[in-house]
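See structure below.
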Amino acid sequence: MIILCHKVIGQEYVPFPTEDARWSVYLESTCDNDSPAVPELLRFYLEGDTLIGDVSYSHLYVESGDTVNPVIQSK
């Protein structure tokens with residue numbers, strides 16, 4: 001019986017920034033191939049924090065629409 005050991009090297013872990021983290025997702029969707037795609041820009045951010053058992057939790061918010069009067073939803 002032959003036993004082989006290999007060291008597996010993956011990507012370096014980079015923690016997700018939890019302070020002032022903001023990111024955007026650009027989507028284009030359509031119901032069928034005949035109609036033009038509808039673009040939508042969603043903006044995500046973390047806000048607020050709650051400490052439970054030494055673990056900090058934040059709310060995830062999503063903004064859609066324009067930046068003057070955005071529609072904001074908590075997820």
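The values are calculated or read from the model by the stated rules, or taken from the named source; none is laboratory data. These numbers were taken from a predicted model, which means no experiment stands behind them. Neighbour counts run over all protein chains shown; Cβ positions are idealised from the backbone, glycine included. For accessibility, only protein heavy atoms count, side chains too; no ligands or nucleic acids. Shrake-Rupley method; radii C 1.70, N 1.55, O 1.52, S 1.80 Å.
Some observations on this one:
- Scanning region 36-58 for residues that are open to solvent by less than 90 Å² (accessible area, probe 1.4 Å), in contact with a Ser or Thr (Cβ under 9 Å, 6 or more places away or on another chain) and within 13 Å of Ala21 (Cα to Cα) returns Arg43, Phe44, Leu46, Gly48, Ser58.
- Residues (more than 19 Å from the chain's Cα centre (by Cα) and either under 28 Å from Val68 (Cα atoms) or modelled with pLDDT of 80 or more (or both)) located in region 8-34: Glu12, Thr30, Cys31, Asp34
- Pairs, first within 21 Å of Thr67 (Cβ to Cβ) in region 36-51, second among the aromatic types (Phe, Trp, Tyr) and open to solvent by 80 Å² or more (accessible area, probe 1.4 Å), C-beta under 6 Å, six or more apart: Leu41/Tyr26; Phe44/Trp23
- Selected residue (criterion: farthest from Pro39 (Cα to Cα)) from residues of region 59-75 that are among the hydrophobic types (A, V, I, L, M, F, W, C) and open to solvent by less than 70 Å² (accessible area, probe 1.4 Å): Leu60
- Selection within region 59-74 - polar (S, T, N, Q) and either closer than 25 Å to Phe16 by Cβ or at pLDDT below 80 (or both): Ser64, Thr67, Gln73, Ser74
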